[in-house]
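The values are calculated or read from the model by the stated rules, or taken from the named source; none is laboratory data. No experiment lies behind these values; they were computed from the predicted model shown. Backbone-built Cβ (ideal geometry, glycine too); neighbour counts: all protein chains shown. Heads up: the accessible areas ignore ligands, DNA and RNA and are worked out on the full protein's heavy atoms, side chains in. Shrake-Rupley method; radii C 1.70, N 1.55, O 1.52, S 1.80 Å.
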Amino acid sequence: MVQSVPPSLSDEQQLEALLTQRRQDTHRIDEIDADIRDRFLATRAIVVLDMVGFSRQTQEQGIIPTLQKIYALRETATPILEAHQGRVFKQDADNLYAAFATPDAALAATEHMLTELNAINIHASIGIGYGEVLVVGEHNLYGNEINLASKLGEDIAGDDEILLTAAAHDALTTTDWQFTRTVQKVSDVTPTVYQLQRHS
């Protein structure tokens, strides 16, 4: 039987204890993995936003004007994401990470958000994934679709583009949106990507 990890510990402490057990007791990996899934597994749509031109603007204008733009991005984007029932779980330099219950909500939120950001001359690239993730506390989510959404938002999407993973696209229930399907290669993966056709 897996050594008891009390739920009174923080989520991060629980996961660390379970992973330590997993490393030390290799005969019980399946049992420990089941415990981890029971505690933390959820299905979420993940949005990864990357502000366009961060490095160039920092070089041309200096860090202070660029930071001002990052803070304007956060102040504009966060209330919109939350109004669509999203939760911003991480802010890292010029990136925002948010979680939603469904890809429909994530897509509606990001399309609305890009319109408002463009109105204040801020541009972003966005990736959306959907699938099982480990939700550990308020600020840590782990899973393959987060990794893919990050690659889409940070490495593949162009200015003001919204790209969906195949899983996010296939889980949509709203049929009002139109997409262009491509296969992209980035790092060591070749994901199928769906680009939202935005109306100007």
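Model label points for residue 192 and residue 115, set 7 angstrom from Cα along the Cα-to-Cβ axis, are 3.0 nm apart. Estimate the FRET efficiency between residue 68 and residue 41 by the formula 1/(1 + (r/R0)^6), using the beta-carbon distance for r and 45 Å for R0, to the nearest 0.05. With R0 = 45 Å, the Cβ-Cβ based efficiency is 0.70. Taken per residue, the accessible surface of the chain reaches 53 Å², heavy atoms only and a 1.4 Å probe.
With a Förster radius of 41 Å, plug the Cβ-Cβ distance of residue 182 and residue 13 into 1/(1 + (r/R0)^6) and report the FRET value to the nearest 0.05. Step by step, r from the Cβ atoms, then E = 0.45. Structural descriptor for the chain: relative contact order 20 percent, calculated from alpha carbon pairs under 8 angstrom and at least 6 residues apart.
Surface composition of the range 130-200: carbon and sulfur make up 42 percent of the accessible area, probe 1.4 Å. A simple packing score, the average count of other Cβ atoms within 10 Å per residue, orders the peptides 79-92, 28-41 as 79-92, 28-41, with the highest score first. Return the carbon/sulfur percentage of the accessible area of the range 1-96, one whole number, probe 1.4 Å, all protein chains in place. On the range 1-96, the fraction of accessible area on carbon and sulfur atoms equals 49 percent.
Computed from these coordinates, which is Cα extents along the principal axes in Å: (i) 47, 38, 29; (ii) 58, 40, 34; (iii) 45, 34, 32? It is the one labelled (ii). Between residue 144 and residue 27, the C-beta separation translates, for a Förster distance of 45 Å, into a calculated FRET efficiency of about 0.95.
Listed peptides 162-171, 139-148 appear in the order 162-171, 139-148 once ranked by packing, highest mean of other Cβ atoms within 10 Å at the front. Here the Karplus relation 6.51 cos²θ - 1.76 cosθ + 1.60, evaluated at θ = phi - 60°, turns the backbone of the range 84-97 into coupling constants of 9, 6, x, 10, 6, 9, 7, 10, 9, 6, 9, 10, 10, 10 Hz, with x for every Gly and Pro.
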